[in-house]
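Everything below concerns the one structure shown next.
The values are calculated or read from the model by the stated rules, or taken from the named source; none is laboratory data. Being a predicted model, the structure only gives us computed values, none of them experimental. Cβ sites come from the backbone with ideal geometry, for glycine too, and all protein chains shown count toward neighbours. Heavy atoms of the whole protein, side chains included, go into the accessibility calculation; ligands, DNA and RNA do not. Shrake-Rupley method; radii C 1.70, N 1.55, O 1.52, S 1.80 Å.
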Amino acid sequence: MGGGGGERNSMGVLVPTVNAGETSAPAGEETEAAVVGTEVVVVTERVAEEEEEVDKDILCPICMQIIKDAFLTACGHSFCYMCIVTHLQNKSDCPFCSHYLTTNHLYPNFLLNKLLMKKSARQMTKSATPVEQLRQAIQQGCEVSVKELDSLLSLLMDKKRKMEQEEAETNLQIMLEFLQCLKKQKVEELNEIQNDLQYIKEDINAVEKRRIELYRTRGRYSAKMRTLVDDSSAMTVRSPFRDKGSGAIVSSPVNLQEQGRAGTSQTRNTDTRAPRNPQIVQRKDDNQGGSDSQDPNQPGKSLARKRRVHAQFNELQDCYLQKRHYWARQSQKQGERVANIMNREGYSAGLEDFQSVLSTFTRYSNLRVIAELRHSDIFHSANIVSSIEFDRDDELFATAGVSRRIKVFEFSSVVNEPADAQCPVVEMSTRSKLSCLSWNNYTKNHLASSDYEGIVTVWDVTTRQSVMEYEEHEKRAWSVDFCRTEPSMLVSGSDDCKVKVWCTKQEASVLTIDMKANICSVKYNPGSSAHIAVGSADHHVHYYDLRNISQPLYIFSGHRKAVSYVKFLSNYELASASTDSTLRLWDVSENVPLRTFKGHTNEKNFVGLTVNSEYLACGSETNEVFVYHKAISKPAARHRFVSDDQNDPDGDMGSFFISAVCWKRDSPTIVTANSQGTIKALVLAA
């Protein structure tokens, strides 16, 4: 025993096994059960195989689907009627055995059709729902007792009531969720409206308070002027003589003569002042009468401005609320400090901002022509002006285009002299058609140009000679721009998909940015020599930091076609134009879109873009100039060029388009040109 036990321990733990003598069932029974199970499996498989074979037999050899409208051939094969007829139209044989066959050898297979109908009915019965099976049983005349029908009807009614209750609960739940969502939305809208109303009430109180102060100030001014008028009148009529007996002073003859001369001089001075005094009195009376202004045309101007407000009421409303919300958010960020800051008129920051928009937007409504000249050239029939740019002091403006000439005009002469006497003060010829101009902001006589051969040239307008020529671009250069903060630097963009930065002190480019699409426009940020905006044919505006050109600092997306122009309104406001007939305004400091401007038509041509601190202006392919206020999406003013072409007596707008525009800085004056070569100086007017 002991030895055996030690032997077992040395072998380790064994897996328990069942001995043959310890089984609960005899071996014979196990064998019989296994045989029975095997037979069942075999029978099941055989039935399945037979069903599968049957299914193959009822398939049409042509379409491999269950036969429909079975027809039998003379060679003993069945097909769908349409399948075999279609086959016999092309061939005269059996698709199964290739035996000769025509339509005369086809016969209806009634037996197979009957079997197929029964099989189809069985399949429908197997796949039918319990309700359909019950309906079929009743229709087939299955006998059911009244009691069984009652119990069945009762069961069905209970099921129906349960389903109706569940459906009603589901509908109520959906309705409740909808109403709660609607309530939440309307509460948010109500809170927003209440906040807006609070802003409006505060601003109404501020404006009314300011009006009262103005009325009081005007009243004090009128009273002071009335006192001065009365004193002046009293001095005029006072007698210089007084009797001794009455305490008067009697003058000598010499004094009488001097006083006579003085009186004559004083009377003359009084006569010269006399026309002014009635005006002062009249103003006083008008003020007491509550007149808004002394200018007889002022009521009409005020009415016109009010009409502009009502015409663009929705746009102005959105602008007002946008500015109020913006300053409210700023106040929350800065701990209510901004909200409490009032200007000298007692306005909040948001109201002051909107007042600036309202006053500038309603001030103008149209563009008036103040000068016109022709950019014609006897040596070139093409007159399209591609670029117009004012110099540093707004005294000169240069034009360039497909005529291969840069012409510099003196603005004051253009405005003041007759159109027939207009001649450029400087004219320079180039080898290729010109696409863009840019004046140096520091060196007044330096002007850069880009042309269709990809050459970027820096000109000295005084000597009419080129200072530098850069020929690295491989294709047409569309745009060039001098840096304002670093006047020796300039940037250009070309169809070769490259942006190049140049220095007037070097002969080669300083920096090159390779992009994936054609470059249509480039522009330096006016407050930085390290940031440029690039308008590309890939529909995007790319904003680069030149200290890291591996990727753009921002990419502004929104245009649906090529971006043809980019211009900066300020250090953080960037405008872009596209051939999708829109202008867009972007905030480059926060990387957000601000506004989209629509109204002009631009689908294929370069129509120009110019901006100042408040307005954007662009051309249109309808031969019109459009002006937008930067806070309002719709045009503030427009002007149409009327064609003077003899071959176009109707002045068809579709024949020509505006090709260049340029603001005169800090002025409502804009110089524009169209593809016909007509240049006009326009000014914003009421």
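For Val144, the criteria (1) surrounded by 10 or more Cβ atoms within 10 Å (Cβ to Cβ); (2) assigned to a helix (DSSP H, G or I); (3) of a type in the set (A, V, I, L, M, F, W, C) hold in every case but one, which is (2).
Selection over region 295-345 of residues that are modelled with pLDDT of 65 or more, among the polar types (S, T, N, Q) and either in a loop (DSSP other than H, G, I, E, B) or within 15 Å of Ser365 (Cβ to Cβ) (or both) gives a count of 3.
Restricting the first member to region 209-229 and to residues that are free of Cβ contacts under 8 Å to residues at least 60 places away in the same chain, and the second to residues that are of a type in the set (D, E, K, R) and open to solvent by less than 60 Å² (accessible area, probe 1.4 Å), the beta-carbon pairs closer than 7 Å and six or more apart or on different chains are Met225/Lys284; Arg226/Lys284. Of all the numbered requirements in (1) in a loop (DSSP other than H, G, I, E, B); (2) open to solvent by 20 Å² or more (accessible area, probe 1.4 Å), Asp496 misses one, and that requirement is (2). Say we look at region 432-466 and pick out the residues that are in contact with a Lys or Arg (Cβ under 7 Å, 6 or more places away or on another chain) and basic (Lys, Arg); which of these is surrounded by the fewest Cβ atoms within 10 Å (Cβ to Cβ)? Only one residue tops the list, namely Lys444. Restricting attention to region 594-629, the residues that are more than 21 Å from Lys561 (Cβ to Cβ), touching a Phe, Trp or Tyr at 6+ places or on another chain (Cβ under 9 Å) and open to solvent by 40 Å² or more (accessible area, probe 1.4 Å) total 1. Candidates are the residues of region 645-682 that are of a type in the set (D, E, K, R) and at pLDDT 90 or above; the one that is farthest from the chain's Cα centre (by Cα) is Lys680. Lys126 satisfies every condition listed in (1) over 30 Å from Leu152 (Cβ atoms); (2) assigned to a helix (DSSP H, G or I) except (1).
Of the residues making up region 359-413, those that are of a type outside the set (Val, Ile, Thr), at pLDDT below 90, assigned to a loop (DSSP other than H, G, I, E, B) and open to solvent by 10 Å² or more (accessible area, probe 1.4 Å) are Tyr364, Ser365, Ser376, Phe379, Ser381, Ala382, Asn383. Considered as a group, the residues in region 75-120 that are in a loop (DSSP other than H, G, I, E, B) and of a type in the set (Gly, Ala, Ser) include one that is farthest from the chain's Cα centre (by Cα), and that residue is Gly76. Considering every residue within region 67-87, establish whether at least one is of a type in the set (Phe, Trp, Tyr), modelled with pLDDT of 90 or more and surrounded by fewer than 11 Cβ atoms within 10 Å (Cβ to Cβ). No, that holds for no residue. Scanning region 520-544 for residues that are open to solvent by less than 50 Å² (accessible area, probe 1.4 Å), part of a strand (DSSP E or B) and either modelled with pLDDT under 95 or under 23 Å from Lys598 (Cα atoms) (or both) returns Cys520, Ser521, Val522, Lys523, Ala533, Val534, Gly535, Ser536, Val541, His542.
Does at least one position in region 475-495 carry a residue that is within 28 Å of Thr512 (Cβ to Cβ), over 36 Å from the mean Cα position of the chain (by Cα) and in contact (Cβ under 8 Å) with a residue 40 or more places away in the chain?
Let us first name the residues in region 475-495 that are within 28 Å of Thr512 (Cβ to Cβ), namely 475-495.
Checking which are over 36 Å from the mean Cα position of the chain (by Cα) leaves us with none.
Taking every residue of region 475-495 in turn, none turns out to be within 28 Å of Thr512 (Cβ to Cβ), over 36 Å from the mean Cα position of the chain (by Cα) and in contact (Cβ under 8 Å) with a residue 40 or more places away in the chain.
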